[in-house]
Amino acid sequence: MITRFFGGLIRRIVGIIWGVGWRVTLMLVFVLGMTSLYYYATLPAAKDLLDARTRGSVTLYDDNGAAFAWRGETFGGTVNAAAVSPNLRNAVVATEDRRFYHHFGVSPRGILGAMLINIRAGRRPFDGNGGSTITQQVAKLLCLGIPYDPKVWKTEADYESDCRQSTIWRKLKEVPYALAMEAKYTKNEILTIYLNRVYLGAGTRGFEAAAERYFGKHASDVTPAEGAMLAGLLKAPSYYAPTNNLARAQDRANLIIDLMAEQGYLTLAQAQDAHNHPAQLSQSAAQQAGGYFADWVMDSGASFLTSDTTEDVIIKTTLDPRIQAAAEGAMKDVFESKLKDGSKVQAAIVVMSPDGAVRAMVGGRTSQVSGAFNRATQALRQTGSAFKPFVYAAALDMGMSPNDTVEDAPLTINVKGSGPWSPKDYERDYKGTVTLTTALKLSLNIPAVKISEAVGRANVRKVAADFGIQSDLAAGPALALGVSGVTLLDMTGAYAGILNGGSSVKPYGLMELRLKGDKQPLIGQGGGIGERVISPKADGELMYMMNQVIESGTGARAKLPDRQAAGKTGTTQEARDAWFIGFTADYVVGVWLGNDDNSPLTGTTGGGLPADIWRATMVSIDKGVPPKPLPMIVPEAPTLSAPAQSVVDPAQQDSGTLADRIIMGVLGTLTGKN
């Protein structure tokens, strides 16, 4: 009796459960089917899902035609899963979804297995391993069909992060979407969408862009080791990016090579060969060079075609990778051999051709990160005596000669509104009567001030500005001593004007900007040689005077072993900045040293470490370049019939020479005798 009672009760309960169960199951199947049908109807053609970026990319090429920097989100172009290298396709399937070609979009076994792994690891069921098929991952990449809306998400990164959250509700929504894709698209189309849309580190979107970025080749050409490294990026793109840590990327690739062998995609011999020959970065990717240069070029173009572009843009630049490597190497070698560990001193280098084409740029000692502070283009620093060539350029252009003399003696100038000002020479002594050449090569301050006042500060400012120094130059007599803030790029460009014969230059790095796929450029070269500033004669004489700075003056440490060079040292008050800028017949190199907080340097002048870095850079970049003489004009020695003129005291009789007539009305004011 009792047995029949409980048996009947159990059958009734089972019947109720079955009755409810099949109805609920039927309802769920109906909802799943209707939802899948809805998604199926809303899915676009597969070809329309390959590139859904809202921003474009910029790829910069050096003067050899090789890509060296990328900005924005780079898309290398669409690839088809059937056309990519089997090494890449198999690595992706082996790593992400070994049953991809056999399931219907969802793998219940994979999801349950992932949940168990997460629970055993002390995580929530959907935290960590997701067990998602490639089809489900594509559903995440497509954000279940929800388009990006800047009103909802501040950035695309926020949008994608939200779409990739692993919650029970989102997992449930993925199922009908994945089923709809399996019904709408072929396996090849689903894999093609995946290969084109995934983010793979270093600003790359899709495997074509990643293969070009890391290996300098197409996705159709990668080796088993390279395919494994690219597939390894899917787990954590930034962490496993080979440009971030090559050894870590290779270790990850080795695990995937073993998976490929285990699943029959590689023979044991092929797997062993891949282990023995791990993937290596291309030369441009390994160097990660030219970051400061790339930022500068990006800033020099219109923002809607560079930083804010919605198109894919190609920029051809003037960067010479050999010279860039030489500049970076020179800075590194000098700092490692001559600075104490822990030194925070910063430095910058600019290398330029005589027409203003920038061949290399180093904006700091270490950082190559996009957007880093660029001391070559953004830091306005006092130039010290590196400004003096423009004082003498004005004087020579007005008729003075390198052999004319000036008195290096105590000087006091009454500055309106400030009172008396008495400049001092660096060595705190006086040389007496010296030629203009000697005054420049020894970097004497008082003669520079006297010459500046004699020819007129307005004329000095005009010459400097015409040569390309665009900063607000000082109005007082200290102008001659380089108290104005100037960038290294502008100073190097101004010296390029001296090298090219006395004409201004506008520094440039952009040669051509065009949209990817177009042949006609939208923008051409933006700089080059401009108007003449001083006469060829004055320029040649100035070049000779600057050559003497290196031959026997303050820049002697910069002297080159096999060719003529000209340049000028610069050290500011309390040694807060140290400069050396100079040139051979082929290149101009500018070097700056200082502290970012503007604190004084210790034991450093322009003729010290900056000259060492300049020399090391110039020796390296001139290697293999035949020596050429500088186009300088060596002045004739004074004779009794044509004696050198002197910057005379107004109390003396007017000699009637041009130099004297310029100076007569000024020097009295300087000395207080008028």
Gyration tensor (alpha-carbon) shape descriptor, the range 517-635, a/c threshold 1.5
oblate
Quick one: which of Lys316/Lys388; Lys431/Lys537; Lys506/Lys623; Lys344/Lys537; Lys187/Lys316; Lys332/Lys516 span more than 32 angstrom between C-alpha atoms?
Lys316/Lys388; Lys344/Lys537; Lys187/Lys316; Lys332/Lys516
For the chain, build the charge dipole from Cβ charges (+1 Lys, Arg; -1 Asp, Glu) around the Cα centre, then report which of Gly301, Gly76, Pro629 sits farthest towards its positive end.
Gly76
For the range 33-48, just list the computed ³J(HN,Hα) in residue order, Karplus coefficients 6.51, -1.76 and 1.60, θ = phi - 60°, integers in Hz, with x standing in for Gly and Pro.
x, 5, 5, 5, 5, 4, 4, 4, 6, 8, 5, x, 4, 4, 5, 7
Asn245 versus Glu512, label points 7 Å from Cα toward the beta carbon: distance in nm?
4.2 nm
Between Asp333 and Ala475, take the C-beta separation as r, use R0 = 56 Å, and let me know the FRET efficiency to the nearest 0.05.
0.85
At a 10 Å Cβ-Cβ cut-off, how would you order Ser307, Ser337, Ser353, fewest neighbours first?
Ser337, Ser307, Ser353
Spin-label pair Glu262/Asp562, simplified geometry with 7 Å Cα→Cβ offset, distance in nm:
5.7 nm
Using alpha-carbon pairs under 8 Å, 6+ residues apart, how would you state the relative contact order of the chain in percent?
13 percent
Return the sequence-ordered ³J(HN,Hα) values of the range 59-65 in whole Hz as given by the Karplus equation 6.51 cos²θ - 1.76 cosθ + 1.60 applied to θ = phi - 60°, using x for Gly and Pro.
10, 9, 10, 7, 6, 9, x
Over the Cα atoms of the chain, how large are the radius of gyration and the largest Cα-Cα distance (Dmax), in Å?
35.1, 147
Could you check the spin-label model distance between Ala302 and Trp169? Points 7 Å from the Cα along Cα→Cβ, value in nm.
4.5 nm
Antiparallel versus total DSSP beta bridges in the range 335-463: what percent is that, nearest 5?
100 percent
Name the residue farthest towards the positive end of the dipole of the range 121-263 from the options Tyr239, Ile146, Ala178, assuming +1 on Cβ of Lys and Arg, -1 on Cβ of Asp and Glu, about the Cα centre.
Ile146
Dipole of the chain (Lys/Arg Cβ +1, Asp/Glu Cβ -1, origin at the Cα centre): which of Gly476, Met546, Asn90 lies farthest to the positive side?
Asn90
Given a Förster distance of 51 Å, report the FRET efficiency between Asp63 and Ser422 from their Cβ-Cβ distance, rounded to the nearest 0.05.
0.55
Could you tell me the relative contact order of the range 545-631? Use alpha-carbon pairs under 8 Å, at least six residues apart, and round to a whole percent.
29 percent
Once amide H atoms are placed 1.01 Å from N in the peptide plane, what residues at a sequence separation of 5 or more from Gln382, or on another chain, have their amide H within under 5 Å of its amide H?
Val486
So how much slack lies between Tyr38 and Ser599, counting 0.36 nm per residue of separation and subtracting their Cα-Cα distance, in nm?
195.2 nm
How large is the charge dipole for the chain, taken about the Cα centre, if only the Cβ atoms of Lys, Arg (+1) and Asp, Glu (-1) carry charge, to the nearest 20 debye?
2980 debye
List the residues of the range 45-81 whose backbone N lies under 17 Å from a point placed 7 Å from the Cα of Thr155 along the Cα-to-Cβ direction.
53-58, 71-74
Sorted from fewest to most neighbouring beta carbons within 10 Å, what does the list Tyr508, Tyr101 look like?
Tyr101, Tyr508
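Only the coordinates and a few stated rules stand behind these numbers; no lab work does. All figures in this text were calculated on a predicted structure; none of them were measured in a lab. Every residue, glycine as well, gets a Cβ built from its backbone with ideal geometry; the counts of neighbours run over all protein chains shown.
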